[in-house]
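Asker: Pasting a structure below so you can have a look.
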Amino acid sequence: MHTIVSSAARTVTIGHDQPFAIIGERINPTGRKIFQQQLRDGDLSRVATDVREQAEGGAMLLDVNMGAPLADEAALMARAVGLIQELTDLPLVIDSSIVEVLDAGLAAYEGKALVNSVTAEDERLDAILPLVKRYGAAVIGLPNDEEEIPEEPARRLELTRKLIGVATGKYGIAIEDIVIDPLAMPVGADTVHPGRTLDTIAMIAGEFGVNMTLGASNVSFGMPDRHSISAAFLPIAAARGLTSAIMDARSPQVVSAVKAADLVLNRDEWGAAWIARHRARQAAT
């Protein structure tokens, strides 16, 4: 099953037979006090640096979040999407929990975006899925609802069934345009969390075959040497059925780990991409 996203000039295909899709996470003010203040001041100058660093690191898509406290998020999203499209042809992931912000970003975007995200709550499904359908976008779905962020994989699978059923049955969204986030919880909170996420990935892949993504940094949150944790977790998740991740494309360690996973999972024919990347790094040094 292929999820196709595009900019005005480039198309990226996410799928189990495709290279692991690296979604650059950096255009996001969470945990970045200076960037938050810049956004409140209407200053988008930092975005150009974030775009360049992620593109150079190997990002295939860019997640765009303008959620700085006390900022005009909708206006910033429209401006940021316009600016980023001038800087790169990488497809974009429009990231917000606010419907008006998603609308502003999608209206400014030229291409088929990925919307991040919708939960299985009835109110959220009925607010966001019509927007996804209207703009012809793809959407990331999270299997949690009004009652809980479930710990058990079976409950996550149940909510995935609901989410896919409503999206396809009620709103006519193609199943290939639904990307599920299996919910990555911090290993530092409980070392059983990554195993539950991996089990969820396998169960969703087995029943639906849909593409999946997650926030890779969620797994290592609160722990030292976070890049090593991501570099260990993502190849295992890819083998279970994860096809993309929102991750730090500036980290050679993590990017190399998913590229190596592509190679050993036979998603890099004859190792061509692995060899080309190695030669490019040699030339650069």
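Asker: Students often check this: by mean Cβ neighbours within 10 Å, which of 120-133, 177-190 ranks highest, and how do the rest follow?
Answerer: Per-residue mean Cβ counts within 10 Å order the peptides as 177-190, 120-133.
Asker: Roughly how compact is the range 1-70, stated as its Cα Rg over 2.2 N^0.38 Å to two decimals?
Answerer: Expressed relative to 2.2 N^0.38 Å, the Cα Rg reads 1.30.
Asker: Here's something else I'd like to know. For residue 148 and residue 72, calculate 0.36 nm times their separation in residues minus their Cα-Cα distance, and state this gained length in nm to one decimal.
Answerer: 24.4 nm
Asker: Sticking with this one: Kirkwood hydrodynamic radius, computed over distinct alpha-carbon pairs, for the range 117-226: how many Å, to one decimal?
Answerer: It works out to 14.2 Å.
Asker: Hey, could you pull the Cα Rg and Dmax for the range 3-251, both in Å?
Answerer: That works out to 16.9, 47 Å for Rg and Dmax.
Asker: In a solvent-free Debye calculation with one equal scatterer on each Cα, what is log10 I(q)/I(0) for the range 174-256 at q = 0.12, 0.18, 0.23, 0.25 Å⁻¹, listed in the order of the q values?
Answerer: -0.32, -0.70, -1.07, -1.22
Asker: May I ask you to derive the FRET efficiency for residue 99 and residue 34 from their Cβ-Cβ distance with R0 = 41 Å, giving the value to the nearest 0.05?
Answerer: Plugging the Cβ-Cβ distance into 1/(1 + (r/R0)^6) gives 0.90.
Asker: Could you calculate the contour length gain from residue 274 to residue 107, that is, 0.36 nm times the residue separation minus the distance between their Cα atoms, to one decimal place in nm?
Answerer: Residue separation times 0.36 nm, minus the Cα-Cα distance, leaves 56.4 nm.
Asker: Based on the Cβ-Cβ distance from residue 282 to residue 175, what FRET efficiency comes out when R0 is 35 Å, to the nearest 0.05?
Answerer: Computed FRET efficiency for residue 282 and residue 175 comes out at 0.25.
Computed from the coordinates by the stated procedures, all read-outs in this text should not be read as laboratory data. Everything numeric here is computed off the predicted structure, so don't read it as measured data. Every residue, glycine as well, gets a Cβ built from its backbone with ideal geometry; the counts of neighbours run over all protein chains shown.
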